[in-house]
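Notes for the one structure printed next.
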Amino acid sequence: MMILQKSAILSLLALSNSSSEAFSPSRSNRAVTRLHSTTEEPPTITPGQVVTNLIPPSAIDSSSTANLFDTRVQKTYGRYPITFVKGEGCVLTDEDGKVYLDFVSGIATCALGHSNPALTKAVSDQMASLHHVSNLYYTPQQGQLAAWLCEN
């Protein structure tokens, strides 16, 4: 059994009697409300024209990586004052060119080492065919991996 308060019923009746214009797109270039969001009418662009106000992340000043993290990244980990810029195998290089042995390996996510040629090729080959497909669908590679894991 469903029980509704009188105020809820009156609100529903008021909505059903009001104009449906509030939920339909406006024909003007003003900001319009569509259900629960406010949007701007899209500009008219010609084919091939790129319209964006976004700058790529690579254009952001990274002279102080630690400052970017302190002001923009949630502090879920305590970080050491080292900024790594390159890795090869188990060797990491910091922004000053000092080299380190990577004994952490991304806590098991980089067990094959940094810049591993076979892994780079495998990832590049996969990206050339499929990047990501929801688990709502089948992909041959996922089935093959599941079979291989079960057998080994």
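What do you reckon, is Lys98 touching a strand residue (DSSP E or B) at 6+ places or on another chain (Cβ under 6 Å) and open to solvent by 80 Å² or more (accessible area, probe 1.4 Å)? No; evaluated as a whole, the condition is false for this residue.
Need the failing condition index for Leu130 against (1) at negative phi; (2) open to solvent by 90 Å² or more (accessible area, probe 1.4 Å); (3) among the hydrophobic types (A, V, I, L, M, F, W, C), just the number. With respect to (1) at negative phi; (2) open to solvent by 90 Å² or more (accessible area, probe 1.4 Å); (3) among the hydrophobic types (A, V, I, L, M, F, W, C), Leu130 is out only on (2).
For Ser62, the conditions (1) loosely packed, with under 13 Cβ neighbours inside 10 Å; (2) at negative phi all hold with the exception of (1).
Residues checked against (1) closer than 20 Å to Thr65 by Cβ; (2) in a loop (DSSP other than H, G, I, E, B):
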| site | (1), (2) |
| --- | --- |
| Asp96 | yes, yes |
| Met127 | no, no |
| Ser134 | no, yes |
| Tyr138 | no, yes |
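Pairs linking a residue in the stretch 109-125 that is modelled with pLDDT under 90 to a residue that is open to solvent by less than 60 Å² (accessible area, probe 1.4 Å), with Cβ atoms under 6 Å and 6 or more positions apart or on different chains, are Ala111/Ser105; Gly113/Gly89.
The values are calculated or read from the model by the stated rules, or taken from the named source; none is laboratory data. What you see is a predicted model, and the numbers here were worked out from it, not measured in a lab. Using ideal geometry, Cβ is built from the backbone for each residue, glycine included, and neighbour counts are taken over all protein chains shown. These area figures cover heavy atoms from the full protein model, side chains too; ligands, DNA and RNA do not enter into them. Shrake-Rupley method; radii C 1.70, N 1.55, O 1.52, S 1.80 Å.
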